[in-house]
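One structure is given here, and the rest of the page talks about it.
The values are calculated or read from the model by the stated rules, or taken from the named source; none is laboratory data. Just so it is clear, the structure is predicted and the values come from calculations on it, not from any experiment. A quick note on method: Cβ atoms are made from the backbone with ideal geometry, for glycine too, and the neighbour counts reach across all protein chains shown.
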Amino acid sequence: MLRRSVVFCLARSARAPLVLPPGGRPALRRCLSASVGRTCAVPSDRSSSGAGSSSGADATEHGHGAADEDRPETETELRGRILEASLSLVGEHGWSTETLTAGAESLGLPGVAHGLFPRGGVQLVDYFYTSCNARLAAEMAERRAAEHESDNRPGARLGSQAFIRWAVEQRLRMLTPYLEQWPEALALLALPANLPTSLANFGALLDDVWYHAGDRSSDFNWYTKRGILAAVYKSTELRLLTDQSEDLADTWRFLDARLAEAVTAGRCVGQLGEVAPATARAAGVIFSTAANMVGLNSRR
């Protein structure tokens, strides 16, 4: 059955949508790995007793180093390589299955490798988004570590507002290689089937920025801060898509204006919590319920 699944998968057109039969995806992954010179083990009906003694002899002869080299590539590793290779082709084919196919072929893999991505091009968008989030998190941690080492120097450590401004600009600059294609990515992320994942990724971005900015709140402010930052980030992201100025100067001026408005809004929300605590608590319950429904209620 497994071999028939592999033959079925490889017989499909590289450009056609690929729907794998039950058990076909692991088999496809093994054969894709084999196509680039890695181990490809397809189960057979032969007894494993002889194979066991043979493998033991091989392990003794070649040692653990050879065993590591011959380790079959996992599906996660294979998908990661294809996604990374596909990013450089987004300019030609957009955030699409065609891009995934071309990315696989650039690695010497059959075009049917796009069958490893059942959700299509949005998985490439998710990969790019989470990769940028991870890159920004590393940069923020590195900056805070450098500031900590320079604590004795006046002005070495950025305040929360200045740090957030720097972080938002850094994150938006990561989109610049794909500005022409980013509206397509936003449209894919907004589709109902993709919304839970896209909201979770966006929520993780907001959490990372506020965490490294120094926020450790656990009350109503936790929600308001992320809601305000979400509005600032998204509005600036949309402004970025239409910016024709040198070095995106208009976008960064827009960002500064939105952050100034956010400070005012944050003060108003704080006053609301002081004057009407019952209203603030009710709003907190609403925010918490909505966050739980979409899987965003993750706190550091």
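Numbers at a glance
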{"quantity": "Residue 158 vs. criteria in the same structural domain as residue 229 (by TED's automatic domain parsing), modelled with pLDDT of 95 or more, surrounded by 16 or more Cβ atoms within 10 Å (Cβ to Cβ) and in contact with an Asp or Glu (Cβ under 9 Å, 6 or more places away or on another chain)", "calculated": "no"}
{"quantity": "Number of the condition not met by residue 219 [criteria: (1) surrounded by 13 or more Cβ atoms within 10 Å (Cβ to Cβ); (2) under 29 Å from residue 159 (Cβ atoms)]", "calculated": "(1)"}
{"quantity": "Number of the condition not met by residue 235 [criteria: (1) at pLDDT 95 or above; (2) under 20 Å from the mean Cα position of the chain (by Cα)]", "calculated": "(2)"}
